[in-house]
1. Sorted from fewest to most neighbouring beta carbons within 10 Å, what does the list D307, D247 look like?
2. What whole-number volume per residue, in cubic angstrom, does the convex hull of the C-alpha atoms of the chain give?
3. Give me the number: length gained by fully extending A13 to T290, i.e. 0.36 nm times residue separation minus the C-alpha to C-alpha distance, one decimal in nm.
4. Taking H placed 1.01 Å from N in the peptide plane, check which residues at least 5 places from A176 or on another chain put their amide H under 5 Å from its amide H.
5. Anyone know which of A199, A47, A313 comes out most mobile in the 10 Å Cα GNM of the chain?
6. On full extension of the chain, what length is gained from L318 through R111, given 0.36 nm per residue of separation minus the C-alpha to C-alpha distance?
7. Rounded to the nearest 20 Debye, what is the dipole magnitude of the chain about its Cα centre when Lys and Arg each give +1 and Asp and Glu each give -1 at the C-beta?
8. Given the Cα-Cα distance of Q272 and A251 and 0.36 nm per residue of separation, how much length would full extension add, in nm?
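Computed from the coordinates by the stated procedures, all read-outs in this text should not be read as laboratory data. The model shown is predicted, which means the values in this text are computed figures rather than measured ones. Because the Cβ atoms are built from the backbone with ideal geometry, glycine has one as well, and the counts that use them run over all protein chains shown.
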Amino acid sequence: MTRPTVDVEAMAAGVREHSPAWVARAITLVESTRRDHQVLAQRLIAALTPDGGRSHRIGISGVPGAGKSTFIDALGSMLTAAGHRVAVLAVDPSSTRTRGSILGDKTRMARLANDPAAFVRPSPTAGTLGGVAKATREAIVVVEAAGYDIVIVETVGVGQSETAVADMVDSFLLLALARTGDQLQGIKKGILEIADVIAINKADGPHAVEAKAAARELGGALRLLRDGSSRAASVLTCSALEGTGIDEVWAQLVAHRESLGAELVERRRRQQVGWMWAMARETVLARFTTDPAVRETGRDVERRILDGSLTPARAVELLLGSYDRMTP
Ligand code: GDP
């Protein structure tokens, strides 16, 4: 049986015509790790890139349970009601390991998933962080070409995924929780440095007062931390559940992007340089580890290391030697 081939021109045209079905298929193509699909995906991205770049790209992070999906559902619905078109993508390397809570799962964003002005895409369920990040960057190009003017990239607050997301968006929002007194839960210093806006969620009912106190405390701490050398993140409170404070968070995200001014173009160019190196590293690594000569040499040197007749350093030389001989 011959596999159906992908008509890249038809796909690009379908995406430009805002067809959600074509957008979904295009993202499936950029997520595919098959070599022939990757080649087609690059043609698609090249065709769509001139139509991209017109959205406000927003990263949203927070620990599981912080209220990301509730918040995105509320924010996204508010924005589509105001005439925007909203795409939600996700970078979630944990789902590749646990297959657990998959971000961007449509059941988590009930209103938005049924909103014709919104496009919700679950995170890819396979691949390395590098691979998932690459697919998401390309998915951004796809949804922008399809006319979504607000792109939200959701990620869980673990490991390197926040940095990967910060490298693909204009503004980064951290959703945090205030619990037990003034203690802010699960906020690492690294994420405070990349957050442009911080919203203490669940500021409702009995928690409203402590959320406000936590926001004040964190706002003050951040101003000290940044020491006037760069913009301090604004800290607000909101309740995704009750829909309060969402408009203020949005206003801060818009203000952040406006404050970038001409820097935005430069920031996106710098991001592209970063993507190039990330992609180059991924590609070289993939070629090296799948190279037949490397695999054969690998089996041989592994055995010799195990029986003590070879040092790892010498084995690496042999591996690279067999790779270099096989590549032009
Ligand atoms: P996620 O894991 O970060 O996506 O968090 P969810 O959006 O799934 O929310 C986790 C739980 O917190 C759910 O039971 C929500 O109903 C609840 N939740 C989310 N936002 C709020 C909020 O603003 N206030 C309150 N009280 N609960 C909330």
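1. Details: D307 8, D247 14.
Neighbour counts put them in this order, fewest first: D307, D247.
2. 188
3. Values: separation 277, 0.36 × 277 = 99.72 nm, distance 3.44 nm.
Computed gain between A13 and T290 is 96.3 nm.
4. Distant-sequence amide H within range of A176: A199, I200, N201.
5. Residue with maximal mean-square fluctuation among A199, A47, A313: A313.
6. Details: separation 207, 0.36 × 207 = 74.52 nm, distance 5.68 nm.
Stretched out fully, the L318 to R111 stretch lengthens by 68.8 nm.
7. Details: 40 positive and 38 negative charges, 114 e Å.
Dipole about the Cα centre, nearest 20: 540 debye.
8. Working: separation 21, 0.36 × 21 = 7.56 nm, distance 2.70 nm.
So the extension gain works out to 4.9 nm.
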